[in-house]
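Working notes, structure below.
The values are calculated or read from the model by the stated rules, or taken from the named source; none is laboratory data. Worth saying up front: this structure is predicted, and the values here are computed from it rather than measured. Because the Cβ atoms are built from the backbone with ideal geometry, glycine has one as well, and the counts that use them run over all protein chains shown. For accessibility, only protein heavy atoms count, side chains too; no ligands or nucleic acids. Shrake-Rupley method; radii C 1.70, N 1.55, O 1.52, S 1.80 Å.
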Amino acid sequence: MKISYYPGCTLKTKAKNLERSALACFDVLGIDYEELPRWNCCGAVYSLADDDLLHIIAPVRDLIRVKERGHDTVMTLCSMCYNTLARANELMKNDEKKRYTINTFMDEEPDYAGEVKVVHFLDYLRDVIGWDKLREQIKVPLNDLKVAPYYGCTLLRPREVALDHPDNPTIMQTFLETLGTTVVNFPSATVCCGSYQVLGNPDAALKVSHGILNDAVKHGAEALALACPLCDYNLGFRQDAILNNFPDAREIPVYYFTQLLAVALGTDPAVSHFELNRAGSVQLLKSKKFISGTAS
Amino acid sequence: MPLEIIKFSSDEKYKKKVMEISGQNFHKCYQCGTCSGSCPMAEHLTILPRRVMALLQLGVKEELDKSNTPWTCASCHTCMVRCPRGIDIAKVMEALRLIRLRQNINQIEPSNLTKKEIVGLPQIAMVSGFRKLTS
Ligand code: SF4
Ligand code: SF4
Ligand code: SF4
Ligand code: SF4
């Protein structure tokens, strides 16, 4: 059955490498999807105030669009979109009073009561496709690539929307094992990268990001896999600043999990837009002969 | 060690406001310190989350007002999933932020971002940062 795909704003621009690689995987895996028409930005962070329903309107509108299409599932790729949509959905499902207020406020829209299921591509792979089926599709096993799975916050917390155990998750490990990589577990896998503090307190954010990367390197990782454009910004893009500020820092490629999947499924490397990753990222994949020398 | 006895009055209005906005009862906190020990931003906070709870219980608004803690918290929810008393500490931090932001005081000024920053930052950073740190 067809599902809705919710891209979110960053995936259309700065994180094109996340979207394009994922869509190529959808095609290979036969996922029947449609990009949600008239989607709007979900707001990136879920409102944590009891008296603030206004910021729940945006994600609920997106969920109403999904329901209108007659789809029972909406797929997300960005961890923060996932979290925001999933939490808004839980609220509409479980809080009768707030549901009533929100539905009444949006009187131009059909009523919504959490009928749609919000999924992230990672749990879709686990629960709908299944690891065994996925393994059968692997054309280029990523053997000997030592990857540290990085979850960050919003795939795992709070519990009501967690893809897996908040403190001991295994979903990304299993995913990476299925691709053939050598998984490097490290204690910082679920530690926040600093998130939006890159704006409020950039030095503090830089230091926590450095701690995470250092931990991965120390445990023997050659690369990091993640699912969130903000994590990628803090841990990938800001690595130059990290390398300049911390003498013990070492460069380490950072990939979206979908890019590694796209390579393992044998898609054209062009769909993964590695030019948006750090320069060393594509080099590492070439040196392991997962992709050919001409791909940029 | 001599104990110093200080005089202060509990700001009940402030306490009520934090409870209303967060929907959390910080009086349930029994000061175990799990939140402070779990916080990734701990070394950058002037008051650790455990002490935020204690100060709220006592209603010491002035101390909390001076603290950078709500502005340095990354809403990562680690404290919240681990609190044995089931307190959503991330929501308490949001309430502390909102009490200030709702007076129309911005913590960061979007107009002060340089062109380079605006071009370089992904939307997700700006949307989330502005949501959390501007009024
Ligand atoms: S979470 Fe980020 S990427 Fe997703 S829609 Fe919101 S701002 Fe855009
Ligand atoms: S680690 Fe940071 S950017 Fe990544 S999901 Fe968590 S808060 Fe978001
Ligand atoms: S973890 Fe909970 S109970 Fe323990 S100090 Fe923090 S808020 Fe209080
Ligand atoms: S939500 Fe804030 S206070 Fe709690 S652990 Fe994360 S950064 Fe620290």
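Observations on the structure shown:
- Contact order normalised by residue count of chain A, Cα under 8 Å, 6+ apart, percent: 19
- Heavy-atom accessible area for A:V161, with the other protein chains in place and a 1.4 Å probe, reaches approximately 10 Å².
- The apolar share of the surface of region A:130-287, taken as the fraction of accessible area on carbon and sulfur atoms (1.4 Å probe, ligands and nucleic acids excluded), comes to 48 percent.
- Region A:3-122 - percent of accessible surface contributed by carbon and sulfur, probe 1.4 Å: 49
- On the basis of the beta-carbon distance and an R0 of 41 Å, A:E96 and B:N106 show a calculated FRET efficiency of 0.70.
- Förster-model FRET efficiency, 45 Å R0, B:T134 and A:S287, C-beta, rounded to 0.05: 0.50
- Å³ per residue enclosed by the Cα convex hull of the protein assembly as shown: 154
- Helix-only arithmetic for chain A: the sum of -39500 (n - 2.57) across DSSP H runs with n ≥ 4, divided by the residue total, places the mean residue ellipticity at 222 nm at -12000 deg cm²/dmol.
- Heavy-atom accessible surface of chain B, averaged per residue, reaches 53 Å², computed with a 1.4 Å probe.
- Shielding of A:200-206 by partner chains, average beta-carbon count, 10 Å: 5
- Interface burial for B against A (accessible surface, 1.4 Å probe, total of both chains, Å², rounded to 100): 3500
- Helix B:89-101 vs. chain B, principal-axis angle (Cα, 0 to 90°, nearest 10): 70
- Solvent exposure of region A:3-122 amounts to 37 Å² per residue of accessible area, where only protein heavy atoms count and the probe is 1.4 Å.
- Surface share of carbon and sulfur [accessible, 1.4 angstrom probe, percent] for region B:12-103: 49
- Per-residue average of Cβ from other chains inside 10 Å of A:37-43: 1
- Computed extension length for A:E115-A:K16: 32.7 nm, one decimal, from 0.36 nm per residue of separation with the Cα-Cα distance subtracted.
- Mean residue ellipticity (222 nm) of chain B, computed from DSSP H runs ≥ 4 via -39,500 (n - 2.57), nearest 500: -14000 deg cm²/dmol
- Relative contact order of chain B, pairs being alpha-carbon contacts under 8 Å that are 6 or more residues apart, as %: 25
- Legend: mean number of C-beta atoms from other chains within 10 angstrom of residue C-beta atoms, peptide A:228-237, equals 3.
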